[in-house]
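Since the structure comes first, as structure tokens, the remarks are kept for the end.
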Amino acid sequence: MKFFIGILAMLLASAFVMPAQERDHYRDWGREAMGQVRADLDRADRDMRYLSPDEARRFQHVREALNEFGRDWERGRFDREALNQAIRELRGVIERNRLQPRDRDFLVEDAARLDRIRERFDSFGRPPEPRPEVREGGRVRIIRAFYTADDGRRADVTRLVQDLARDGRLRLRVSNQDLGGDPAPTRPKTLVIVYESRGREQEIRAREGDVVELP
């Protein structure tokens, strides 16, 4: 009998501890990430007035779902299925909607940010161990890179830029030659790099002809 009482006590204790732990995770690393996603979606809501009524409804549904997920998590409930659904719907908006290049880039980055939130929480809600530098003194890790034209056409140059930054530093001239080709001949292009430096995710944008130096 004492054994079963002990098991029951453990279960009841865990029911109170888990919400507290999830609130801790939100405070420690979730608030900043969700804040960035919410800020991007708020900006998109102001800027994407060009969407059709159906496209706008899909976007608003995703925005409301992510706001509700964030509020639940702040109160101590991390609803993984709600997050999964919101990520799927956000990617649907990206793939099906008629988006301007800048808006598309922001939403692609937010979908990846939500993926990382899910992966981090799956690791028992703890922030991942810092990744070792590739070489002594290296300070930059390339996460994503796109060579994007103003008409929406783009090339994923993540692997190429990662290879150029193997020592943790990057110096690159933004040109068709250095980036492996021209995704949109005659159109102005921008290189967008999302990278991690000193434990913080950052972004840099450089126009064709500019030189990028990191850090």
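Numbers for the structure displayed
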quantity	calculated
Qualifying trypsin sites (Lys or Arg not before Pro) for region 167-204 [loop in DSSP, other Cβ within 10 Å: at most 13]	198
Relative pair counts by distance (%), Cα atoms of region 59-111, 10 Å bins	25, 50, 21, 4
Length added when fully stretched, residue 32-residue 56, from 0.36 nm per residue minus Cα-Cα	6.0 nm
Mean-position separation - Cα centroids, region 74-126 and region 163-191, in angstrom	27 Å
Other-chain or far-sequence residues with amide H under 5 Å of residue 189's (modelled H)	208
Extension reserve of the residue 95-residue 64 stretch, reckoned as 0.36 nm per residue once the Cα distance is removed	9.3 nm
Computed E for residue 141/residue 205 - FRET, C-beta separation, R0 22 angstrom, nearest 0.05	0.75
Inter-label distance for residue 40 and residue 74, nm, one decimal - labels placed 7 Å from Cα along Cα-to-Cβ	2.0 nm
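Here, each number is a calculation from the coordinates, and none is a lab measurement. All values reported here derive from a predicted model rather than from experimental measurement. With ideal geometry, Cβ positions are generated from the backbone for all residues, glycine too; neighbour counts draw on all protein chains shown.
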